[in-house]
Each structure stands twice: as C-alpha cells, then as structure tokens.
Amino acid sequence: MAAGNQTRIAEFILMGFSSLPTEIQTLLFLAFLTIYLVTLLGNSLIILVTLADPMLQSPMYFFLRNLSFMEIGFNLVILPKMLRTLIAQDTSISFLGCATQMYFFFFFGVAECFLLATMAYDRYVAICSPLHYPIIMNQGTHARLAAASWFPGFPVATVQTTWLFSFPFCANNKVNHFFCDSPPVLRLVCADTARFEVYAIVGTILVVMIPCLLILCSYTLIAASILKIPSAKGKHKAFSTCSSHLVVVSLFYVSLSLTYFRPKSKNSPESKKLLSLSYTVVTPLLNPIIYSLRNNEVKNALSRTFHKALALRKFIL
C-alpha cells in the first residue's frame, strides 16, 4: 500500500460478524460458546486419559496429547475474544493485544503443521517397521520429535508478527475479520509492503508444503506396505491405526489451503471468515471426537476412566 494518512494506532476494531442482525449474533454466540466448551472438555479429556491410562503410553498417544494441547491453545487465542465481541459488542482490541493474538495464532498453526507430519512419520514406522518401532521411536526420540514440531512456530511467529507491526498504520483501524490475521491487518498499513508480502507467501508455502510433502511420503509408503499384507483383516487393522490421523490431516490442510491459497478474485472477506472458522473453530472441536470414535483404544480408555470415576464417587459417598 502506498504511503498515506499515517497515524499512531492505539487499538483496532474487529469487524467480525457485526454486519449480521443482533438475533443472528446471539445465536452465533450460543453456538460458538457450546463449541468452545466442548472443545476444551474434549481435548482436556484426551490429555488426561493419555496421561493416566497405562494402555495409552505409546508415542502415538504422546503426539496426540501434544495435538490436544495445541488445539486448546488455538481455541484460547481465537474464541474468547470472538465470544465477547458477539455478546457484549466489545469489538476493540489493543495494539499489543492484536499483535499477541496474531503471534500465538501463527505459533500454534505452524506447530500443528509440523506435528501432523511427525504423527504421520510415527504411523509410517509403526506400520512399515513394526519390529523396530520400539527401538526407533524410543522415549528420547519421540520427545525430540515433539520438541522439533513445536520449535518452528517461534521464529515464524516472531519474524512475521514483529515485521508486520513495525509498519506505520493508516487512520483506518477496522480489521475486517473476527481475529487479527495477517492479510486483513496488512491492508491497514500505510507503507510499501511488497517485501513482506513476498516473505509471507514464501513462508506460508514452506510451512504448509514441507509438512504436507512429508505426510504424503509417509502415507505413500504406508499404502504400499498395507497393500503387501495378504489378509483383508490385516489390511483393515493396519489402516485403522492411521485412519483417524488421515481424517484430521485432511480437514486441517483442506481448510487451510482454501483459506490462504485461493485466488484473490474468489476470496472475499466474508468467504474467508467462513473458511477461517473451519480450522480455527471446527477442526479443534472435531479432533478429539474423531480420535474417540475411530480409535478403540481411546474409547476403551475413556470407558475405563469413566467407570473408575463412578466407583471413586460411590466410595466417597
């Protein structure tokens, strides 16, 4: 954007869903509040069960626990402010608050991309090298892989957020989104942002494509290995161990790609808001549901935990 009427911005206004009637906003508040609470409960249950149940101590559930932590973080970054905006019409967010929200949005988003790739590698080792799995994915290895998944979020979030918020902003402080995402905030800048936009595009492609290619490679090798299994029962058992992860990956990457890689001519602010809901709100809600419904070990662990809680309650009473 060319230099224009620059001013010091103290706060931004999140337009969100303000164009909708009050009645619709109230319904959205109730819907998003329900999603928020169910997401927190579901992911917290996954964390507690995978920590407490001795049958869920494999690397697969260690990574699942990390994914649930990320989903909770993602939820806390976006939804509380959106709920306050809908119910109290408090659309303002401070300059620092906007930068903080964007920082953690990038951090958790990048970390999740790499964690999903790590989980795909874990499934590859489990299916293609089952005898060597305990040796390859020992405690030290899976802890290092988890740390390596979290780490890229720090430099990406730090560089992109610091660079963007170092630009001068125009008098217009209205962000046409329900959270401080990079593209709508960038439109308020009164300076030449060409270099930043190139960095943002290249960075997004690398962050999305590198994990995506690793996932594709892992599942290509997994598919080749499954096809070599002679019995249909063996094939079904092997596929069932990675089906939940495959569904989660598909949901995350399809929604992310539709949001950030669509042509600008087809990417109106309203359509982008709807697409953003899919990976900021819907995916964190569905992940624990998918892993609970499609994974017998998690279902059995949840059942054992529930019965233990009931027995403890009866004992106390």
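The values are calculated or read from the model by the stated rules, or taken from the named source; none is laboratory data. Everything quoted here is computed from the prediction, not taken from an experiment. Cβ placement follows ideal geometry from the backbone for every residue including glycine, while neighbour counts extend to all protein chains displayed. Accessible surface areas use protein heavy atoms only, side chains included; no ligands, DNA or RNA. Shrake-Rupley method; radii C 1.70, N 1.55, O 1.52, S 1.80 Å.
The rows are residues; the columns are (1) over 26 Å from the mean Cα position of the chain (by Cα); (2) farther than 30 Å from GLU270 by Cβ; (3) of a type outside the set (Lys, Arg); (4) not in a helix (DSSP H, G or I).
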| site | (1), (2), (3), (4) |
| --- | --- |
| ILE135 | yes, yes, yes, no |
| ARG144 | no, yes, no, no |
| PHE154 | no, yes, yes, no |
| ALA157 | no, no, yes, no |
| GLN160 | no, no, yes, no |
| SER166 | yes, no, yes, yes |
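Looking at this structure, is ALA200 at pLDDT 80 or above, part of a helix (DSSP H, G or I), open to solvent by 30 Å² or more (accessible area, probe 1.4 Å) and out of contact with any Asp or Glu (no Cβ under 6 Å at 6 or more places or on another chain)?
In short, no.
Hey, any hits in the range 179-192 for a residue that's under 25 Å from ILE78 (Cα atoms), part of a helix (DSSP H, G or I) and in contact with a Cys (Cβ under 9 Å, 6 or more places away or on another chain)?
yes
Taking ILE78, is it farther than 17 Å from PRO184 by Cα and of a type in the set (A, V, I, L, M, F, W, C)?
Numbers: farther than 17 Å from PRO184 by Cα: no; of a type in the set (A, V, I, L, M, F, W, C): yes.
It is false that ILE78 is farther than 17 Å from PRO184 by Cα and of a type in the set (A, V, I, L, M, F, W, C).
Can you name every residue in the range 38-89 that is open to solvent by 20 Å² or more (accessible area, probe 1.4 Å), among the β-branched types (Val, Ile, Thr) and at pLDDT 90 or above?
VAL38, ILE72, VAL77, listed by residue number.
Kindly establish whether PHE151 is at pLDDT 90 or above and open to solvent by 50 Å² or more (accessible area, probe 1.4 Å).
Against the criterion (at pLDDT 90 or above and open to solvent by 50 Å² or more (accessible area, probe 1.4 Å)), PHE151 qualifies.
Just a yes or no: is a residue in the range 233-249 modelled with pLDDT of 85 or more, in a helix (DSSP H, G or I) and in contact with a Cys (Cβ under 9 Å, 6 or more places away or on another chain)?
So far as the range 233-249 goes, yes, one or more of its residues are modelled with pLDDT of 85 or more, in a helix (DSSP H, G or I) and in contact with a Cys (Cβ under 9 Å, 6 or more places away or on another chain).
What single numbered condition from (1) touching a Lys or Arg at 6+ places or on another chain (Cβ under 9 Å); (2) of a type outside the set (Lys, Arg); (3) assigned to a helix (DSSP H, G or I) fails to hold for GLY73?
(1)
Go through the range 96-126 and count every residue that is among the β-branched types (Val, Ile, Thr), open to solvent by less than 10 Å² (accessible area, probe 1.4 Å) and either in contact with a strand residue (DSSP E or B) (Cβ under 6 Å, 6 or more places away or on another chain) or closer than 13 Å to ASN66 by Cβ (or both).
Of the residues in the range 96-126, 0 are among the β-branched types (Val, Ile, Thr), open to solvent by less than 10 Å² (accessible area, probe 1.4 Å) and either in contact with a strand residue (DSSP E or B) (Cβ under 6 Å, 6 or more places away or on another chain) or closer than 13 Å to ASN66 by Cβ (or both).
Name every residue in the range 135-148 that is surrounded by 13 or more Cβ atoms within 10 Å (Cβ to Cβ), closer than 19 Å to ARG65 by Cβ and of a type outside the set (Gly, Ala, Ser), in order of residue number.
MET137, THR141, HIS142, LEU145
Do we find that GLN89 is over 24 Å from the mean Cα position of the chain (by Cα) and polar (S, T, N, Q) in this structure?
It is true that GLN89 is over 24 Å from the mean Cα position of the chain (by Cα) and polar (S, T, N, Q).
What pairs come up if the first residue lies in the range 287-300 and is open to solvent by 90 Å² or more (accessible area, probe 1.4 Å) and modelled with pLDDT of 70 or more, the second is basic (Lys, Arg) and assigned to a helix (DSSP H, G or I), and their beta carbons are under 8 Å apart, counting only those six or more places apart or on different chains?
Cβ pairs passing all conditions: none.
Any residue in the range 232-261 that's polar (S, T, N, Q): show its pairings with residues that are open to solvent by 50 Å² or more (accessible area, probe 1.4 Å) at Cβ separation under 9 Å, as long as the two are six or more apart or on different chains.
SER240/ARG294; SER240/ASN296; SER243/ARG294; SER244/LEU293; SER244/ARG294; SER255/VAL282
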